[in-house]
1. Among the residues that make up region 58-67, is at least one of them within 16 Å of the chain's Cα centre (by Cα), outside the structural domain of residue 131 (by TED's automatic domain parsing) and more than 23 Å from residue 6 (Cβ to Cβ)?
2. Here are some conditions: (1) touching a helix residue (DSSP H, G or I) at 6+ places or on another chain (Cβ under 9 Å); (2) assigned to a helix (DSSP H, G or I); (3) surrounded by 13 or more Cβ atoms within 10 Å (Cβ to Cβ). Residue 110 meets all but one. Which one does it not meet?
3. Being loosely packed, with under 13 Cβ neighbours inside 10 Å, in the same structural domain as residue 28 (by TED's automatic domain parsing) and farther than 20 Å from residue 24 by Cβ, is that true of even one residue in region 140-160?
4. Go through (1) in contact with a strand residue (DSSP E or B) (Cβ under 8 Å, 6 or more places away or on another chain); (2) farther than 20 Å from residue 43 by Cβ for residue 101 and report which single condition fails.
5. Condition (residue is at pLDDT 95 or above and more than 30 Å from residue 141 (Cα to Cα)) applied to region 23-30: is it met by at least one residue?
6. So, restricting to strands (runs of 3 or more DSSP E) that lie completely within region 5-91, which ones have at least 1 residues that are over 29 Å from residue 148 (Cβ atoms)?
């Protein structure tokens, strides 16, 4: 896949994970110049918390980081009916823009991978930030702890990632 390494597409789940982290959007900002999301994803993260979707962007101070992408072509792919609208649009956007996708839901990850889209969750982005020396080992451990305590990753993934950091 080609594409700009400073841009990525995101589904709803990773944004929720970033909300759970202390300064979560700060470290992702150091990895990416733009995180592109479809409008359906913005509506999903803002629902119930904010009167208007753009209030979410203002609240987290990410109006410059998040870009709303519009899917210009509808794709049909296997298991599409099992996905939420945000997932469908995020996968379609990643395909169209030929960018990696931040996605945490199992079915969505499976569908995206089957289409050749590189995928990662926020835990994987913490490891990437550590490997690229964007954050320290201590910051990486702390962020993984926060994800675990917030129920955003399971114990098995947590332990594997802690080992990966300690061996680096």
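The values are calculated or read from the model by the stated rules, or taken from the named source; none is laboratory data. The structure presented is a predicted model; accordingly, all values stated were derived computationally and were not measured. Here the Cβ is made from the backbone with ideal geometry for all residues, glycine too, and neighbour counts use every protein chain on show.
1. There is no residue in region 58-67 that is within 16 Å of the chain's Cα centre (by Cα), outside the structural domain of residue 131 (by TED's automatic domain parsing) and more than 23 Å from residue 6 (Cβ to Cβ).
2. (1)
3. no
4. The failed condition is (2).
5. So far as region 23-30 goes, no, none of its residues is at pLDDT 95 or above and more than 30 Å from residue 141 (Cα to Cα).
6. Passing ranges, in order: 66-69.
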